[in-house]
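Heads up, the thing below is written out as structure tokens.
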Amino acid sequence: MMRFDIPEQKNLVYTMTMPIRWGDMDVMGHVNNTLYFRYMEIIRLEWMLAAGVPANPKGLGPVIVNAFCNFQTELSFPGEVLARLYTAGVGRTSFDTYTLLSRTDDPDTIYASGGSRVVWVDFPQRKSVPLPDMLRALLTQASTSTNT
């Protein structure tokens, strides 16, 4: 079985909850696999907005160059997803994000884990650029910001 590892050394940067909607389910009676990537996208974008580094399509912002998800057990309606976002692997123009997905009524069970490589780019020039100092500072300090 192929699995991508979540590193032990990572910084918790954001925590939030999201409702599991009836429409998130597929014919198998659990949340469709594509929605796990959506949950990871939502927490990543919410963290960036809260941190004051939103994407600017006419300027600078994040591009996801790869993403993965390890499905451990199925999520199903009703309930709420507890998402925890971590960062690691900070480079000159990129960083890694990792997300652990649980349920609010079962926070110790990891239902899925995933990650992505984020590259900071100049959108008009279509090329990578160094991470902004403010973002670099956020990435290298541990925090427990919460939005529920």
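Key figures for this structure:
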read-out: Whole-number accessible area per residue in Å² for the chain, which is evaluated in the context of all protein chains at 1.4 Å; value: 55
read-out: Counting DSSP beta bridges with both ends in the chain, the antiparallel % (nearest 5); value: 95
read-out: Top of Phe77, Phe95, Phe37 by mean-square fluctuation, Gaussian network on the chain, Cα under 10 Å; value: Phe77
read-out: Cα long-axis angle, helix 33-51 against the chain (0 to 90 degrees, to the nearest 10); value: 40
read-out: Ser128, Ser102, ranked by accessible area, largest first (probe 1.4 Å); value: Ser128, Ser102
read-out: Enclosed volume per residue, in Å³, of the convex hull spanned by Cα atoms of the range 1-83; value: 140
read-out: Extension gain, Met28 back to Asp5 (0.36 nm per residue minus Cα-Cα distance, nm); value: 5.6 nm
read-out: Full-stretch length increase - Asp108, Thr17 - with 0.36 nm per residue and alpha-carbon distance subtracted; value: 31.3 nm
read-out: With all protein chains modelled, accessible area of Met25 [1.4 Å, Å²]; value: 40
read-out: Neighbour cut-off at most 13 other Cβ (10 Å), DSSP loop, trypsin sites (Lys or Arg not before Pro), the range 1-88; value: Arg3, Arg21, Lys58
read-out: When the convex hull of its Cα atoms is projected in every direction, mean area for the chain (nm²); value: 9.4
read-out: 222 nm mean residue ellipticity, helices alone, for the chain (DSSP H n ≥ 4; -39,500 (n - 2.57); rounded to 500); value: -6000 deg cm²/dmol
read-out: Whole-Hz couplings from phi, Karplus 6.51/-1.76/1.60, listed for the range 15-25; x for Gly and Pro; value: 9, 7, 10, 9, x, 8, 8, 3, x, 6, 7
read-out: Accessible-area composition of the chain, carbon plus sulfur, in percent [1.4 Å probe]; value: 53
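The values are calculated or read from the model by the stated rules, or taken from the named source; none is laboratory data. As the structure is a computational prediction, the values presented were derived from the model and not from experiment. In this analysis, Cβ positions are derived from the backbone assuming ideal geometry, glycine residues included, and neighbour counts consider all displayed protein chains. Please note that ligands, DNA and RNA were not included when accessible areas were found on the heavy atoms of the full protein model with its side chains. Shrake-Rupley method; radii C 1.70, N 1.55, O 1.52, S 1.80 Å.
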